[in-house]
Amino acid sequence: MQLHRNKRKSINPTRYIVLGFGAIILLGTLLLHLPISAQDGQMTPWLTCLFTATSATCVTGLVVHDTMQYWSEFGQAVILLLIQIGGMGVVTVAVAIFIFSGKRIGLKQRWVMQESISAPQVGGIIRMTGFILRTALAIEALGALLLAVRFCPQFGLWKGLWYAVFHAVSAFCNAGFDLMGSEVPYSSLTAYGADPLVCLTVAGLIIVGGIGFSTWQDVAGNGRRLRQYRLQSKLILLFTVLLLAGGTLYFGLYEFGLPQWEGLDSGERALAAFFQAVSPRTAGFNSVDLTQMSELGRMVTILLMLTGGSPGSTAGGFKTTTLAVLVLSAWAVFRRRSNAECFGRRLPDAVLRNASAIFWLYLTLFFLGGALICCIDGVPLLDALFESASAIGTVAVSYTHLTLPT
């Protein structure tokens, strides 16, 4: 037993995951640097290629050039492949290749896989990987089919299908890359703000991609039998609903009732409120012009961006489970209880310590990033914090589009 523990320590799955992401980013950078990747047929500067490849692989979505206007079909395909690998996880894709090639997967690879997708145990990890791949591809295909209903009549069959697939994968992986900038750069989905089919399909893909792979298994295996769900899945679903409901109520009842949004009717306001409650939690699409948003609306958006998605999902942020642990711990203090509890289970002290450490580290990086942007670039503090939250939460929405030196 001790030998196995020492061996597991020496493996250091984090190192494999980081190296895997680094290798994919480097490969993506090289491919984007090729003349065939740009619309003008010229080589793109290395820094721009590196930034774009990193943003795509880490499903961040921040860009220095509009994806549609700058990158060719080949470049867009490279970006889409990086998004898919980054969203599903480098290790997940690598293990999938091993599975399809018929090669034996050893204990070391299983441990790395467990760390990569935040699986509760090593046992059954290969079966879970197969479930993740099948489910993800099926959900993306369904999303692409629904989007194709709108895009194919508008753009033609092949271009419409490409748009549908690209946006379905980008939404499911919470990436925020879009191809809607042919007329207005960086317009995202603002042209479809009143279209329920596009907005609800994209929002649904974002939510499903952000709740986590292990939660999928609970939902698929237990259905409505909520008592049999793992505690983590219960917390994820509960706080996801609370965040969506709270965000929708704020944007619907206050933000989109302000004078600058008077052009929206009641249906458009409700659709925009729901979409804006969903997308900032690491996806980065927007169906309205965010520059018109009030300062309070931007602060609420920042909080949603920082929260992010759930463990083992395609989303970023400091995770809903971290927020849940902190809220439950605070509630226990207010009730003068010695331990935090949820669904009749006591939360171990180690979980609270980990959540607190992650929260404070995350918050420190957020404020430090905002301060640096404010001081170096002279950006107003709220805008700088917005950019910092967008980057650290891998969200992609931006008030000041980036310009990199050539």
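The values are calculated or read from the model by the stated rules, or taken from the named source; none is laboratory data. Nothing here was measured: the structure is a model prediction, and the numbers come from that model. Heads up, the Cβs are rebuilt from the backbone with ideal geometry, glycines too, and the neighbour counts pull from every protein chain shown. Just so you know, the surface numbers come from the protein's heavy atoms only, side chains and all, with ligands and any DNA or RNA stripped out. Shrake-Rupley method; radii C 1.70, N 1.55, O 1.52, S 1.80 Å.
Thr301: of a type in the set (Ser, Thr, Tyr) and open to solvent by 10 Å² or more (accessible area, probe 1.4 Å), yes or no?
For Thr301, the condition - of a type in the set (Ser, Thr, Tyr) and open to solvent by 10 Å² or more (accessible area, probe 1.4 Å) - is not met.
Can you find even one residue in segment 207-214 that is among the polar types (S, T, N, Q), under 19 Å from Phe151 (Cα atoms) and either in a helix (DSSP H, G or I) or within 16 Å of the chain's Cα centre (by Cα) (or both)?
Taking every residue of segment 207-214 in turn, none turns out to be among the polar types (S, T, N, Q), under 19 Å from Phe151 (Cα atoms) and either in a helix (DSSP H, G or I) or within 16 Å of the chain's Cα centre (by Cα) (or both).
For Gly252, which of the numbered conditions (1) at pLDDT 85 or above; (2) under 16 Å from Val397 (Cβ atoms) fails to hold?
If we test Gly252 against (1) at pLDDT 85 or above; (2) under 16 Å from Val397 (Cβ atoms), just (2) comes out false.
Take Leu361 and tell me if it is open to solvent by 90 Å² or more (accessible area, probe 1.4 Å) and either at pLDDT 85 or above or within 26 Å of the chain's Cα centre (by Cα) (or both).
yes
Under 9 Å by Cβ, and 6 or more places apart or on different chains, what pairs join a residue from segment 242-258 that is over 15 Å from Val278 (Cβ atoms) and free of Cβ contacts under 8 Å to residues at least 40 places away in the same chain with one that is of a type outside the set (Gly, Ala, Ser) and not in a helix (DSSP H, G or I)?
What qualifies is Leu258/Met293.
Modelled with pLDDT of 90 or more and not polar (S, T, N, Q): which single residue out of Ala164, Ala175 fits that description?
Just one listed residue meets the conditions, Ala164.
Being farther than 30 Å from Thr135 by Cβ, open to solvent by 20 Å² or more (accessible area, probe 1.4 Å), modelled with pLDDT under 85 and among the aliphatic types (A, V, I, L, M) is the requirement here; does Ala350 meet it? Write out each step before concluding.
On the way: farther than 30 Å from Thr135 by Cβ: yes; open to solvent by 20 Å² or more (accessible area, probe 1.4 Å): yes; modelled with pLDDT under 85: yes; among the aliphatic types (A, V, I, L, M): yes.
So Ala350 passes the test.
Quick check on segment 12-31: of everything there that is modelled with pLDDT under 90 and β-branched (Val, Ile, Thr), which residue is farthest from the chain's Cα centre (by Cα)?
The extreme case among them is Thr14.
Is one or more of the residues making up segment 211-224 within 18 Å of Ser310 (Cβ to Cβ) and among the aromatic types (Phe, Trp, Tyr)?
Looking for residues that are within 18 Å of Ser310 (Cβ to Cβ) and among the aromatic types (Phe, Trp, Tyr), one finds at least one in segment 211-224, hence yes.
Could you grab me the full set of residues in segment 41-68 that are touching a strand residue (DSSP E or B) at 6+ places or on another chain (Cβ under 9 Å), farther than 15 Å from Gly22 by Cα and at pLDDT 90 or above?
Selection gives Thr44 alone.
Please go through (1) in contact with a Ser or Thr (Cβ under 8 Å, 6 or more places away or on another chain); (2) open to solvent by 30 Å² or more (accessible area, probe 1.4 Å); (3) at pLDDT 85 or above for Gly370 and return the number of the only condition it doesn't satisfy.
Looking at each condition in turn, Gly370 falls short on (2).
For residues in segment 79-96 being out of contact with any Phe, Trp or Tyr (no Cβ under 8 Å at 6 or more places or on another chain) and at pLDDT 80 or above, which is nearest to Leu27 (Cα to Cα)?
Ranking the candidates gives Leu82 first.
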